[in-house]
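First the structure, in the form of structure tokens, and then the observations on it.
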Amino acid sequence: MSDLTRSDRPFEEKYKSSWSLAAESFRRFLILPLNQISFAITALLLFVALFAPWIAPFPFEQVNPSNGLDPPSWQHLMGTDQAGRDVFSRVLYGTQTSLLIGVVTVVCGMILGVFIGAVSGYFGGWVDEIVMRVVEVFMSVPGIILALALVSVLGPSLPSIILALSIRRITQFARVVRGSVLSVKSQDYITACHALGMNNLRIVFGHVLPNCLSPIIVLASVLLGNVILTESTLSFLGMGIQEPTPSWGTMIAKGNEFLTFAPWISLFPGGFLFLTMIAFNLLGDGVRDHLDPRGGSVL
Amino acid sequence: MAADQKSPVAPLLEVIDLKTHFPIRTGVFSRVSGHVYAVDGVSINLREGETLGLVGESGSGKSTLGKSIMRLVEPTSGEIKISGVAITGLNKRDMFVHRRQVQMVFQDPYSSLNPRIPVGKVVAEALHIHGIASGVAADEMVRELFRRVGLRAAQTRNYANEFSGGQRQRVGIARALALNPKLIIADEPVSALDVSVQAQVINLFMDLQQELGLSYLFIAHDLAVVAQVCHRIAVMYLGKIIEVANRDELFKAPQHPYTQALLASIPIPNPEIKPAADRVLQGDIPSPSDPPKGCRFHTRCPLAETRCRTEEPPFKEGSPGHWVACHLH
């Protein structure tokens, strides 16, 4: 903290970069044990997703009918499914699928949603009216129904699942950012930008949006878990990721019929999904509390 | 109308019959159901190097007038001339050039600085977009500006939350000075500060005026502050200027009953002297969306007559340089 308040540093030093501020903020975030846990699980999941091909003992699609439905053993840590595929390897690859879909969907939703929300909130008027009515139409349909409808039209492939899940995220981001922009744009420091003759583009992206960062980050971390769960639901219903590509939702669905005598097929992907959800929700809560201005934190 | 100077050169700022009305929209279809007459026919002018105080209660339209002159709020009608050039009809590009001449200092030192951007960066950005300086040269100019307003050069890199209220206001002044303006509209620049800090900031304003020959439109509601910095004072009530006079003249011989009431409300640091009870105003300022007919002050005026209720008093020059809008004068 001391170097934050000291101001008699040499002139050569550049503006305190937003990176060093972010690092400072992150250090304070990790003080809470709950944040440590959620961050550790998230980091682990990311690691697993990135290095799945190296960690997994078997290729995810390798079938071996002779030892189907094997219970967990040292060779197959999480047992095998009805086709003799290694559940452990498939769960690891499933992490990859889930995180990929989660991250890509949230990033797509964020980029478009932030842009739409910023334009809508900043310029107001009829643009705002139209955008917000469209957003409300999308919000009025339950998320899973919307996704199911879109996937059934587009066909269940990775891009169409991402598209189906993104549309709702766009509207969610747009709404949050619009509200945030509305409150920021009436601040005197924005009026001062107008007085200095800055153009709208510069004001929106250089001065308004940096002040909407907290709600954007919070929403992104909350939605990440949300999207992964929706993807698993879609897959469980058979409208998501198709075999043989591993997805937790599909694995849970396929293991359903063997649940009484080979529960490991559904149990382990379910456990991973559960863990992921806990981690992302805790992370979202932690980030929200951390960025709450009443908590006295910047960024 | 309100011209009290006979100098041959055009005044720095000339506002002629300016009106800024805001529509009130109601219902599903945003139908305009009325207007807020925030500024309703104001004429003022300001010479180079002069400070014109603009006083009045909350809701009298002082801030809207200031923002209209900056065209941060679009005036409904009337004319604004800066150095003889009418700016009311200017398009965006011409207005951009004109922005260099008039700048603004805001009331709230907390909401007037962006919490996410180093304070000096905004000033450097202004220099850059106006093509005055960029890169290292701009940084050097920003440091110079900071020194000029009594901050340390190294503080250009700090964020707003690292400053006190008074320092923030100094940053706001540095930002206003960046484009080297002739006129600064100071919208209650000290009312949010501690009294001791107020004095420092007021001194800064006066020093800057000496050094740079600035003109100020100094909006305030604290008459003690206005008395210290202003050469002339305009009193505003419900969107209209009701009295303009030199500072000493206004304090010595206020003509309008409202001005008299305002002056009577200044606390006297002597418990023996009781304020004149009949001069203390009763009630609140009427709604600017439905201003009273006739003289706007008649609802609260202790001296109101019949014609005050029906007939709007003309704004006339009682004695040289002292203009007042009251039937009794």
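Since every read-out is calculated from the coordinates, none of them should be taken as a lab result. The structure presented is a predicted model; accordingly, all values stated were derived computationally and were not measured. Cβ sites come from the backbone with ideal geometry, for glycine too, and all protein chains shown count toward neighbours.
Worth pointing out:
- Scanning the range B:129-139 for residues that are more than 8 Å from chain A (Cβ to nearest Cβ) and in a loop (DSSP other than H, G, I, E, B) returns B:GLY131, B:ILE132, B:ALA133, B:SER134.
- Condition met for A:ARG133 (free of Cβ contacts under 8 Å to residues at least 40 places away in the same chain and of a type in the set (Lys, Arg)): yes
- Pairs, first under 17 Å from A:PRO159 (Cα atoms) in the range A:238-253, second among the basic types (Lys, Arg) and surrounded by fewer than 24 Cβ atoms within 10 Å (Cβ to Cβ), C-beta under 8 Å, six or more apart: A:GLU243/A:LYS254
- Residues satisfying the stated conditions in the range B:293-329, i.e. without any contact (Cβ under 8 Å) to a residue 12 or more places away in the chain and more than 24 Å from B:LEU250 (Cβ to Cβ): B:THR306
- Count of the range B:75-112 residues, restricted to those that are farther than 24 Å from B:THR51 by Cα and either of a type outside the set (A, V, I, L, M, F, W, C) or more than 8 Å from every other protein chain (Cβ to nearest Cβ) (or both), is 10.
- Within the range B:56-69, residues that are within 14 Å of another protein chain (Cβ to nearest Cβ) have Cβ atoms under 8 Å from residues that are assigned to a loop (DSSP other than H, G, I, E, B) in these pairs: B:SER63/B:GLN107; B:SER63/B:GLU188; B:THR64/B:VAL73; B:LYS67/B:VAL73; B:SER68/B:GLU74; B:SER68/B:PRO75, counting only partners at least 6 apart in sequence or on another chain.
- Any hit, the range B:89-102, residues being crowded, with 20+ Cβ neighbours inside 10 Å and within 25 Å of B:ILE202 (Cβ to Cβ): yes
- If only residues of the range B:113-128 that are over 12 Å from B:PHE163 (Cβ atoms) and outside any helix (DSSP H, G or I) are counted, the one that is farthest from the other protein chains (Cβ to nearest Cβ) is B:ILE117.
- Hey, B:LEU18 assigned to a helix (DSSP H, G or I) and away from chain A (no Cβ under 14 Å) or not: no
- Qualifying residue in the range A:222-240 (condition: surrounded by fewer than 17 Cβ atoms within 10 Å (Cβ to Cβ), away from chain B (no Cβ under 14 Å), out of contact with any strand residue (DSSP E or B) (no Cβ under 9 Å at 6 or more places or on another chain) and not in a helix (DSSP H, G or I)): yes
- Of all residues in the range B:180-220, exactly one satisfies the criterion of being under 18 Å from the mean Cα position of the chain (by Cα), acidic (Asp, Glu) and surrounded by fewer than 23 Cβ atoms within 10 Å (Cβ to Cβ), namely B:GLU188.
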